[in-house]
1. Here is a list: B:GLY236, B:GLY253. Which entry is more than 21 Å from B:PHE88 (Cα to Cα), open to solvent by less than 20 Å² (accessible area, probe 1.4 Å) and not in a helix (DSSP H, G or I)?
2. Taking into account only those residues within segment B:239-250 that are more than 7 Å from chain A (Cβ to nearest Cβ) and more than 14 Å from A:ARG114 (Cα to Cα), which is surrounded by the most Cβ atoms within 10 Å (Cβ to Cβ)?
3. Out of all the residues in segment A:165-183, is one or more in a helix (DSSP H, G or I), in contact (Cβ under 8 Å) with a residue 24 or more places away in the chain and either within 15 Å of ligand 1 (Cβ to nearest atom) or touching a Leu at 6+ places or on another chain (Cβ under 7 Å) (or both)?
4. Among what's in segment A:96-141 and is of a type in the set (A, V, I, L, M, F, W, C) and open to solvent by 10 Å² or more (accessible area, probe 1.4 Å), pick the residue that is farthest from the other protein chains (Cβ to nearest Cβ).
5. What about B:ALA227, is it in a helix (DSSP H, G or I) and either closer than 20 Å to B:VAL311 by Cβ or touching a Gly at 6+ places or on another chain (Cβ under 8 Å) (or both)?
6. With the requirement that a residue be without any contact (Cβ under 8 Å) to a residue 24 or more places away in the chain and over 25 Å from B:GLY27 (Cα atoms), what does segment B:219-257 give you?
7. Hey, does segment B:115-136 have a residue that's in a helix (DSSP H, G or I), in contact with an Asp or Glu (Cβ under 9 Å, 6 or more places away or on another chain) and open to solvent by 20 Å² or more (accessible area, probe 1.4 Å)?
8. Let me spell it out: the conditions are (1) modelled with pLDDT of 95 or more; (2) among the hydrophobic types (A, V, I, L, M, F, W, C); (3) within 13 Å of ligand 2 (Cβ to nearest atom), and A:LEU66 meets all of them except one. Which number is the exception?
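The values are calculated or read from the model by the stated rules, or taken from the named source; none is laboratory data. What you are looking at is a predicted structure, and each value in this text was computed from that prediction instead of being measured. For neighbour counting, all protein chains shown are included, and Cβ atoms are generated from backbone atoms with ideal geometry for every residue, glycine included. We work out accessible area using only protein heavy atoms, side chains counted, and drop any ligands, DNA or RNA first. Shrake-Rupley method; radii C 1.70, N 1.55, O 1.52, S 1.80 Å.
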Amino acid sequence: MSGLVVRDLKVVFDGFVAVGGVDLDVPAGDVRFVIGPNGAGKTTLIDAITGLARASGSVTFDGRELLGRKVHKIARLGVGRTFQNSTVFEELTVLQNLDIAAGWNRGPLTLLRRRSSVPPEVQRALETIRLTAVRDQPAGTLPHGQKQWLEIGMLLVQDAKLFLLDEPVAGMSQEERDATGELLGELSKTHTVVVIEHDMDFLRRFARTVTVMHAGGILSEGTVAEVQADPRVQEVYLGHAVQAQEA
Amino acid sequence: MTTLQDPPIAPSAAGRSARRRFGPGTGSRAAAGFAVAAVVLFAVAPVVLGDFRLGLLAKYLCLAIVAVGIGLAWGRGGMLTLGQGVFFGLGGYAMAMHLKLADAGPGQLPDFMQLYGQLDALPWWWRPFTSPAFALAATVLLPMLVALPLGLLIFRRRVRGAYFAILSQALCAAFAIFLIGQQGTTGGTNGLTDIQGFFGYDLNDPINRRMIYFIVAAVLLAVLGVAWQLMRSRYGELLVAVRDGEERVRFLGYDPANVKLVAYVVAAGMAGLAGALFVPAVGIISPAMIGVVPSIEFVIGVAVGGRASLVGPALGAIAVAWARTALSERLPSAWTYFEGLLFILPVVFLPGGLASLTVFLRRRSGKKASA
Ligand SMILES: Nc1ncnc2c1ncn2[C@@H]1O[C@H](COP(=O)(O)OP(=O)(O)OP(=O)(O)O)[C@@H](O)[C@H]1O
Ligand SMILES: [Mg+2]
């Protein structure tokens, strides 16, 4: 079975149920948006899939069980993620960031030598994320939007098959959002993409399917139109979003 | 904010300085640096300094070798290795044991064992050190073999930061206490003293003492070469990534414990090598030289010189050791306070150490020029 399959996933922090029995199917090639009010458990869901949060139930990707594996072992199975606050290696250059992301399977001899040329997959990623011109700049000096792109580039060279992106367009300009959305569409040809997002406009334009989370559970699922038409979603999430926009 | 469509074309000043710090540091520049260091160490110092001062410098260079390892583990790897005394001691004792046995002559017990001990035969764990090859290998491999399981345990369990530093210190204290307790077989508080010869060379002969200096200087250069290659390699970049984002690195498929382990074990080997050279250079190794206080002192030099740079730690270690000698000759009581200041000042005001001063000055002059 290909794609991401989550069954009865439960994450409990000191008695507080952050994710309570979630079932989720993201078929290969989907661009799935996961939305929900603050504290709904979206990030915790990704944390559980990637091995950061202890969880019960079952998560399989391309047929392999992920739960119980260590974080770096899950990453090696092709599961890549970004973080809500971008977490690039600030003191290293863009190129170095990408080169490290491309290298977990390098042998000791390669590691102990200097990088003599830019690996082809890194070069391709640099072009895809449009950071070729700043490749020798420390990642810490990049504007926020470019940092987010760098993170996506790191997933590309890491050879992730499943992209789990936690609020990738937060803090981006409109132009950057459009570019990101187009990139996600391109990616979905060869990857499975899960995006956590609050931005409804971005969602309407780029989501293929949507899952709505609320209070650690799944409230609704379907196409953008179906989800928007769901009265429970309007009550819980869209109502919240409207309030948030007014505030 | 720059849009994705038109990113800045020219790399910024910060970009250039980052490349200077992490990037190639072009091979020819490094070669020039090594050439200058070699000239200073092999041509200038032996001519300018008398036998006594050159002997002191040999001792400082030993401390510099420890410092290079700390620079790698702490500066690049973020592990505050406050316990290098253990590895320095292992290397030092391994060497001193062999030299004591050689001094005593075949079949004889070292002098201190005859003095205190009710021993009639060499303890079993002393015996292999009769072999020069075993002893030499042990000076480096023993510390590394101790560091390997220790590091594995520490890094797998994700012991970090202050906990790691305190654990390192505790190990140092335990090691020193152990040595003191085993008076009959380790020389106790006195340590292994009065070392007369070095692989057949009489250490009382000034010529041979000069030779020791040259060996120490050559080893320091070699150790710097190893550190240089590690820092510029892909591994070096990965190590910095682990230092700055250990959790993030996991999500890229690496086990950061293994990455840290390499730097930790290499630093331990360097400390062991330094301890081994310290013995013929100074003629003694004792618990007082490897315990908690000396372990902290190793780190002070590194902090002063700049922990993340290549030569900063070595220069800092030499400078601090020199200042210590100069100051404690004149004002013995003032040194302790001064040393405390030396540790605090760079940590608070100049986290990059003296090495960062050059970057800072260069940046300022650059600003003036462009203004
Ligand atoms: N490590 C933790 N320990 C205890 N509680 C936690 C932990 N991580 C998250 N939580 C709680 O779990 C709930 C879900 O958090 P989560 O971060 O998954 O929400 P989210 O949907 O990503 O929200 P946001 O939109 O604000 O990012 C929150 O109530 C949060 O306080
Ligand atoms: Mg979140």
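1. On the way: B:GLY236 fails: not in a helix (DSSP H, G or I).
Step by step, each of B:GLY236, B:GLY253 is checked, and only B:GLY253 is more than 21 Å from B:PHE88 (Cα to Cα), open to solvent by less than 20 Å² (accessible area, probe 1.4 Å) and not in a helix (DSSP H, G or I).
2. Within segment B:239-250, the subset more than 7 Å from chain A (Cβ to nearest Cβ) is B:239, B:242-243, B:246-247, B:249.
From what is left, the residues that are more than 14 Å from A:ARG114 (Cα to Cα) are B:242-243, B:246-247, B:249.
Working: B:VAL242: 28, B:ARG243: 23, B:GLU246: 18, B:GLU247: 13, B:VAL249: 25.
Restricting to residues being more than 7 Å from chain A (Cβ to nearest Cβ) and more than 14 Å from A:ARG114 (Cα to Cα), the top hit is B:VAL242.
3. Within segment A:165-183, one or more residues are in a helix (DSSP H, G or I), in contact (Cβ under 8 Å) with a residue 24 or more places away in the chain and either within 15 Å of ligand 1 (Cβ to nearest atom) or touching a Leu at 6+ places or on another chain (Cβ under 7 Å) (or both).
4. Let us first name the residues in segment A:96-141 that are of a type in the set (A, V, I, L, M, F, W, C), namely A:98, A:100-102, A:104, A:109, A:111-112, A:118, A:122, A:125-126, A:129, A:131, A:133-134, A:139.
Filter again for open to solvent by 10 Å² or more (accessible area, probe 1.4 Å), leaving A:102, A:104, A:109, A:111-112, A:118, A:133.
Details: A:ALA102: 9, A:TRP104: 3, A:LEU109: 10, A:LEU111: 4, A:LEU112: 5, A:VAL118: 12, A:ALA133: 5 Å.
Residue satisfying both the conditions and the ranking: A:VAL118.
5. Working: in a helix (DSSP H, G or I): yes; either closer than 20 Å to B:VAL311 by Cβ or touching a Gly at 6+ places or on another chain (Cβ under 8 Å) (or both): yes.
Judged against the criteria, B:ALA227 is a match.
6. In the first step, residues of segment B:219-257 are kept if they are without any contact (Cβ under 8 Å) to a residue 24 or more places away in the chain; the result is B:222, B:229, B:233-234, B:238, B:241, B:245, B:247-255.
Passing the criteria: B:GLY245, B:GLU247, B:ARG248, B:VAL249, B:ARG250, B:PHE251, B:LEU252, B:GLY253, B:TYR254, B:ASP255.
7. Within segment B:115-136, the subset in a helix (DSSP H, G or I) is B:115-116, B:127-130, B:132-136.
Applying the additional criterion that residues be in contact with an Asp or Glu (Cβ under 9 Å, 6 or more places away or on another chain) yields none.
Looking for residues that are in a helix (DSSP H, G or I), in contact with an Asp or Glu (Cβ under 9 Å, 6 or more places away or on another chain) and open to solvent by 20 Å² or more (accessible area, probe 1.4 Å), one finds none in segment B:115-136, hence no.
8. Only one criterion in (1) modelled with pLDDT of 95 or more; (2) among the hydrophobic types (A, V, I, L, M, F, W, C); (3) within 13 Å of ligand 2 (Cβ to nearest atom) is unmet by A:LEU66, namely (3).
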